[in-house]
Amino acid sequence: MKKAIATPAPLPIGSAAERLNQVQTVLHRQADAGRHQHPKLIAISKNFNAQAIQPLIDAGHRRFGENRVQEAIAKWPSLLASTPGIELHLVGQLQSNKAAEAVAHFDAIHSLDRSSLVRALAKACATAGRQPMLLAQVKLDDEPQKGGVTIESLPGLLAEASALGLHVAGLMTVPPADKDPAPYFALLAKLARQHKLPECSMGMSGDYDLAARLGATFVRIGTALFGPRS
Ligand SMILES: *Cc1c(COP(=O)(O)O)cnc(C)c1O
């Protein structure tokens, strides 16, 4: 069967500094319009090598995200060694057997989504004596193959994390690709408020303006900063 043709994300033009500036301008304008704080921009550098990442670092950007632990471990140590103050976020699904590596290498993990991972992370954090910022990934619709805890199971997961000494700072979601993301963003923000969680990770290259307007505190942007991934 032929794949549906997705609308291509606009090709980034200009220097890294100009692209960052364009994205930040939109984020600030939309957040102001929605009367929300300005979201923190995570540049998602998956599939891009150190050479492609360096211009963003040179332009002053310090917050990056990857979706795979092994790729990040292969790519980031040299960049981290040459630039202090970089914050690294894991935004992809995490296998429990990689919990210790994730805790060692990341400042934030956006994909806490099941009991087995809560237990693995609690153990890894206790051993390492450090805890990255943790966000629970919520699946707001019925997509069986997708990561994320259901809305029904979220309170139980948060309670288990808390009982094991983990501090969860917020929620994360990836809305279904073929639907209007607005109701999903609004729902995630509402869930975060209900659970008194300050952080809301939502919005990618195609919809970060909407996410900022609806209360994102983190947006995760790859294509609009780096161009299309091969
Ligand atoms: C790849 C990825 C992004 C960035 O996607 P773009 O559309 O390129 O901005 C954001 N969040 C997650 C979880 C991703 O895997």
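The values are calculated or read from the model by the stated rules, or taken from the named source; none is laboratory data. Small disclaimer: the values here were computed from a predicted structure and weren't measured. A quick note on method: Cβ atoms are made from the backbone with ideal geometry, for glycine too, and the neighbour counts reach across all protein chains shown.
Points to keep in mind about this one:
- Residue 206 of a type outside the set (D, E, K, R) and at positive phi: no
- Residue 227 at positive phi and touching a Cys at 6+ places or on another chain (Cβ under 7 Å): no
- Residues that are modelled with pLDDT of 95 or more, of a type in the set (Val, Ile, Thr), touching a His at 6+ places or on another chain (Cβ under 9 Å) and within 15 Å of the ligand (Cβ to nearest atom) do not occur anywhere in the range 132-150.
- Residue ranges of helices (runs of 4 or more DSSP H) in the range 33-152 with at least 3 members more than 20 Å from the chain's Cα centre (by Cα): 50-58, 69-82, 115-128
- The number of residues in the range 182-207 being surrounded by fewer than 23 Cβ atoms within 10 Å (Cβ to Cβ) and over 19 Å from residue 149 (Cβ atoms) comes to 5.
- The set of residues in the range 182-230 that are within 16 Å of the ligand (Cβ to nearest atom), charged (D, E, K, R) and closer than 15 Å to residue 135 by Cα comprises 199, 220.
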